[in-house]
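Since the structure comes first, as structure tokens, the remarks are kept for the end.
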Amino acid sequence: MAYICARCSYTTKVKQNIEKHFNRKRICANINDVVLTDDIKQIVLKDKVYHKPTAVIQPTQITNITNNIQNNNNNTYNLNPETIEQLMLKLGRDMPNFIETKFFRRRRQNFLLHKDKEESRETCPKIPDFLEYIMEFLESERENNTFTLFIKQHIMHLHDDDMWQNKPVNAGIKNVMQLLKALILDAYEICLVRQLKHWKTKMDATENLRQYYSFIECFEIKPTFLEERDNDNKLLYNKNEMEYDNEDYSGYEYVEKLQIIWDEVKNTNKDYKKNKTNNELKQMLNHHSIETNRSLIIN
């Protein structure tokens, strides 16, 4: 049985990970409307799950909550693409594109520029939990007033290529994951491939690749080593790079290793796990949309 954060439903089988989650500098999103007290943390650490006391909600409370989210009360915007663009105009900003987000830019460069020097073999930055990483990005969107995606009435609205793309939620989530893959995840995969080269990091890199492949396979996304050659995966294919132009390195050897890991993941990834991961991401995006609506206040 896994440890589950009572506040945001973050899930892990490792006690150390949940302790690290509780001790984050920036507290997780309050998806479940729970104040994460020390007592509740101890319950999770002991019993793995905290059961929120059942409260009776009066019909008038439900109506008020719905009105606060959907109506243009208290000088708030009703969440839709037009009013977000109005807010950007009021703030004197161009409407940002999702693919241009600054949140991933530095992290992507850290992954791609990681070198195989002796002193840095064990310092390649990692993404310990992919859903938590996405949650941090969504929080940064609200903090910086750069609202590029949200869900409303079962439609995913995403601003990219200087236009709003509107798709059913499941198709929209897959589209978001494809963009995240280009933004950061391909670079993360290549960083792990670099670590496969060294005996000190080979075992950890293999396990991290397995976890990463398991995550993207939940959204029917292929790893970068199966795609056409580009700047991100040139480590595997570009023999003209002096760093890898030597008899000790063969990109195709690593492609074979990656294929074995990928095939193993595809054969063991269960439907219930895929559904769980999809639902968790959908829940996060729904929460983000509600919080975005509450953030759209005219100054």
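Within the range 87-99, take every residue that is assigned to a helix (DSSP H, G or I) and under 12 Å from Phe147 (Cα atoms) and give me the one that is modelled with the highest pLDDT. Here the answer is Phe98.
In the range 260-284, the residues that are among the hydroxyl-bearing types (Ser, Thr, Tyr) form Cβ pairs under 9 Å with partners that are surrounded by 11 or more Cβ atoms within 10 Å (Cβ to Cβ) and not in a helix (DSSP H, G or I), at six or more places apart or across chains, as follows: Thr277/Cys218; Thr277/Phe219. Is it the case that the range 204-222 has a residue that's surrounded by fewer than 20 Cβ atoms within 10 Å (Cβ to Cβ) and at pLDDT below 90? Checked against the condition, which is being surrounded by fewer than 20 Cβ atoms within 10 Å (Cβ to Cβ) and at pLDDT below 90, the range 204-222 yields at least one hit. Only residues that are in a helix (DSSP H, G or I) and under 18 Å from Asp129 (Cβ atoms): list them for the range 207-231, please. Scanning the range 207-231 gives Glu207, Asn208, Leu209, Arg210, Gln211, Tyr212, Tyr213, Ser214, Phe215, Ile216, Glu217. Could you please tell me which pairs satisfy a Cβ distance under 8 Å, a separation of 6+ or placement on different chains, a first residue in the range 195-218 that is among the basic types (Lys, Arg), and a second residue that is not in a helix (DSSP H, G or I)? If the second residue must be not in a helix (DSSP H, G or I), the pairs left are Lys197/Asp116; Lys197/Tyr249; Lys200/Arg121; Lys200/Glu122; Lys202/Leu196.
Filtering the range 158-166 for residues that are assigned to a helix (DSSP H, G or I), touching a Leu at 6+ places or on another chain (Cβ under 8 Å) and crowded, with 20+ Cβ neighbours inside 10 Å leaves an empty set.
The residues on offer are Val34, Val44, and the sole one that is within 30 Å of Val176 (Cβ to Cβ), modelled with pLDDT of 80 or more and assigned to a loop (DSSP other than H, G, I, E, B) is Val34. If you go through the range 258-299 and pick out every residue that is closer than 30 Å to Gln86 by Cα and in a helix (DSSP H, G or I), you end up with 15.
The values are calculated or read from the model by the stated rules, or taken from the named source; none is laboratory data. Everything numeric in this text was worked out from a predicted model, so none of it was measured. No Cβ is skipped: glycine too gets one built from the backbone with ideal geometry, and neighbour counts run over all protein chains shown.
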